[in-house]
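Undergrad: Before anything else, here's the structure in question.
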Amino acid sequence: MRRRHLLSLLPGALAVPRVAAAQASYPARPVRVIVPFPPGGTTDFIARLVSARLTTVFGQTFVVENRAGAGGTVGSDVVAKSQPDGQTLIVSNIASFGVAPAVYRTLPYNSVTDFTHVALMAEIPSVLAVNVSSPIRNLAEFIEAAKARPGLNVGSPGNGTSSHTKQAILQRSAGIETTHVPYRGSGPMMNDVAGGSLEAMITTLVEAGRNERFRLLAVTADARVPGWPDLPTFKELGHPDLVASTWFGLSAAAGTPPAIVNRLNAEVLAALATPEISAKLVETGATPRRMTAPEYAAFVEAEVRRWAGVVQAAGIRID
């Protein structure tokens, strides 16, 4: 009887060392890092910056894979349905994780329960920008132009993105009507503003800040951003509802082992603390962030609640 009892425990007893060994050998093969937007945008920039460092420290390639579509929800769903082994990661972000649950009537994943949130990487304010040759020189002139010509075209990287919601907030705050022009990512939108076929856009400071083809009118930061002392905030110009950062983190499928999550969290935070990566982020207007995995999970949950209220007030809904 004693021997039979010991044998009955053996499979479970053997499983513990196997799990521990698997976690110790992580990653066992190249890791996919899904960017749910096209190449060339802020999400892609941060993903490649951090992935290069993770490749070095883990000794396995962290391969950035762009899976764009539906405001970042297509790529996010890929990871939600992946194996919970840390081999497939997603650059979680305000659009597909914070805003999407509120703007889409049906979403194929739950951004809180279907993921294990690993680390918040950076926060970046957004800007309202026009072509450098535009007659619009500041926010007051933009509002004046929109009132004189209702339907002025303003681009965003896609339906349901944070840029889309910020445009709706600006319309309500300024009492104007603009036409939302969604793109499949920031790159095509920026090309159209630079070429003069799109009148204005809301995008991140990283994307527009150092580009001489654009004139920046206002930023969604709470205070003026270091490095841009002449760029006013929406808040100081009388629009306090437009204080919001675009955020980017790293997440995996729900159920990913804590040992893998904790190691990834430690290495991501170490990467963000390196002088090279930190300087590149700050130079572009981003703020590196440090959170434990549980803190980031709580952050995502709070953002879902926050944007649900904002979206409801703005009346945004995507079928």
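Undergrad: What is the extension gain from Arg137 to Gln171, computed as 0.36 nm multiplied by their sequence separation minus the C-alpha to C-alpha distance, in nm to one decimal?
TA: The Arg137-Gln171 span can extend by a further 10.4 nm.
Undergrad: Among Met121, Met189, Ile136, whose Cα lies farthest out toward the positive end of the dipole of the chain, if unit charges sit on the beta carbon of Lys, Arg (+1) and Asp, Glu (-1)?
TA: Met121
Undergrad: Can you work out the FRET efficiency for the pair Ala259 and Arg48, with r the C-beta to C-beta distance and R0 = 25 Å, to the nearest 0.05? Could you put the intermediate results ahead of the total?
TA: Working: r = 26 Å, r/R0 = 1.04.
According to the calculation, E is roughly 0.45.
Undergrad: Find how much the distance from Ala298 to Glu236 grows on full extension, using 0.36 nm per residue of separation minus their present alpha carbon separation; answer in nm with one decimal. Present the calculation step by step, with values, prior to reporting the outcome.
TA: Working: separation 62, 0.36 × 62 = 22.32 nm, distance 2.97 nm.
Using 0.36 nm per residue and subtracting the Cα-Cα distance, I get 19.3 nm.
Undergrad: To continue, here is another question. Match the structure shown to one of the listed values (1) 6, 29, 37, 23, 5, 0; (2) 5, 19, 24, 20, 13, 8, 5, 3, 2, 1, 1, 0, 0; (3) 6, 26, 32, 20, 9, 4, 2, 1, 0 of P(r) over Cα pairs in 10 Å bins from 0, in percent, computed from it, and give that label.
TA: Comparing each candidate, only (3) matches the computed number.
Undergrad: Suppose only helical runs count, i.e. DSSP H with n ≥ 4. What mean residue ellipticity at 222 nm does that imply for the chain under -39500 (n - 2.57) per run, divided by all residues and rounded to the nearest 500 deg cm²/dmol?
TA: Taking each H run of at least 4 residues, the total per residue is -13500 deg cm²/dmol.
Undergrad: Which residue, chosen from Ser163, Trp247, Leu205, occupies the Cα position most advanced towards the positive end of the dipole of segment 145-264, where the dipole is computed from +1 (Lys, Arg) and -1 (Asp, Glu) charges on Cβ about the Cα centre?
TA: Comparing the listed Cα positions along the dipole, Trp247 ranks first.
Undergrad: Looking only at GluC sites (Glu not before Pro) in DSSP loops with at most 15 other Cβ atoms within 10 Å, what is the longest site-free stretch of the chain?
TA: Working: sites that count: Glu177, Glu212, Glu236.
Between exposed loop sites, the widest span is 1-176.
Undergrad: Any chance you could run the full-extension gain for Gln312 through Thr106? It's 0.36 nm times the residue separation minus the Cα-Cα distance, nm to one decimal.
TA: Extending this stretch completely gives an extra 72.6 nm.
Undergrad: Another question about this same structure. Give the cross-link partners of Lys147 among the lysines, using a straight C-alpha distance below 22 Å as the criterion and excluding same-chain residues fewer than 8 apart.
TA: Lys166, Lys235
Undergrad: Next question, about the same structure. What is the distance in Å between the Cα centroid of segment 115-180 and that of segment 221-237?
TA: 15 Å
Undergrad: At most 12 other Cβ atoms within 10 Å plus a DSSP loop assignment makes a site exposed; report the longest stretch of the chain without any exposed trypsin sites (Lys or Arg not before Pro).
TA: Of all site-free stretches, the longest is 138-316.
Undergrad: Something else: Round to a whole number: what % of the accessible area of the chain belongs to carbon and sulfur, probe 1.4 Å?
TA: About 55 percent, which is the carbon plus sulfur part of the accessible surface.
Undergrad: Modelled label-to-label distance, Ala279 and Thr56, 7 Å Cα→beta-carbon offset: nm?
TA: Inter-label distance under the simple model: 1.3 nm.
The values are calculated or read from the model by the stated rules, or taken from the named source; none is laboratory data. These numbers were taken from a predicted model, which means no experiment stands behind them. Cβ: placed from backbone, ideal geometry, glycine included. Neighbour counts: every protein chain shown. The area values use the complete protein model at the heavy-atom level, side chains included, leaving out ligands, DNA and RNA. Shrake-Rupley method; radii C 1.70, N 1.55, O 1.52, S 1.80 Å.
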